[in-house]
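To keep things clear, I will list the structure first and then write my remarks on it.
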Amino acid sequence: MLKAFHHSHLLEAGCDEAGRGSFAGPVFAAAVVLPPDFYHPLLNDSKQVEPEIRTELRAYIETNALDYAVEQVNNEEIDEINILKASFKAMHLAIKKLKKQPEFLLIDGHLFYKYKKIPHLCVIKGDGIYASIAAASILAKTYRDEFMQQLHNEYPHYGWFSNKGYGTPAHRRVIASHGLCIYHRKSFNIAPSQLSIFENNPTENQ
């Protein structure tokens, strides 16, 4: 069972991102503040949940959370500042957008750039430990998937409707034959001549 909170006496926000390893599109992040009695039996790390259940969970989270926010940093800025900084910036933007100022932040992962003076705790695989991080992972994932499905309409040959921009074999083959488009992350070294480095280490679709 997921933990409801880390500090019961503080207003906590869980934060997570989606799309960090993708070849294309923005990185999304969500911040979620849950009530102490929040519960859904299927809530878990978004990568462990089927798409139709993620959709159900998103609606439940948006209806029952005390507060939530979702933000993104686009591929052009990712190329400018690097994906790690872009992921943290997306989290910062989501936290800033919250109407309820959190007193403590639970961050999925092992590293985070401090946001203002709010104390935080980095939790490796936190989306499988804390409910608020799991909720943030669901929102970040569903919002990003929805966005990539919209981009698919502009460049359908890349298959973003299904691969969401990740480096699947099919996506890499299309890049090799058609090259990159305006939504690809040029700093990821995925130009056709460089794709061979991924053949033995493909990026997982998260």
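General remarks:
- Only helical runs count toward this figure. For the chain, summing -39,500 (n - 2.57) over DSSP H runs of n ≥ 4 and dividing by all residues gives -11000 deg cm²/dmol at 222 nm.
- For the chain, the solvent-accessible area with a 1.4 angstrom probe is 49 square angstrom per residue.
- Portion, in percent, of the accessible area of the chain that falls on carbon or sulfur, probe 1.4 Å: 52
- Most simply put, the chain has about 60% antiparallel DSSP beta bridges, counting only bridges with both residues inside it.
- Protection proxy ranking for 13-19, 124-130, 36-42, using the average of other Cβ atoms within 10 Å per residue and placing the highest first: 13-19, 124-130, 36-42.
- Peptides 86-96, 152-162 ordered by average Cβ neighbours within 10 Å, highest first: 86-96, 152-162
- Using the average count of surrounding beta-carbon atoms within 10 Å as a protection proxy, the listed peptides 99-108, 176-185, 24-33 rank, highest first, as 24-33, 99-108, 176-185.
- With Cα atoms defining each centre, the stretch 28-62 and the stretch 91-164 are spaced 12 Å apart in the structure.
- Sequence of Arg20, Arg58 from largest to smallest accessible area, 1.4 Å probe: Arg20, Arg58
The values are calculated or read from the model by the stated rules, or taken from the named source; none is laboratory data. Keep in mind that this is a model prediction, so the values were computed, not measured. Counting neighbours? That spans all protein chains shown, and the Cβs are built from the backbone with ideal geometry, glycine included. Calculation scope for accessible area: heavy atoms of the full protein, side chains included, ligands and nucleic acids excluded. Shrake-Rupley method; radii C 1.70, N 1.55, O 1.52, S 1.80 Å.
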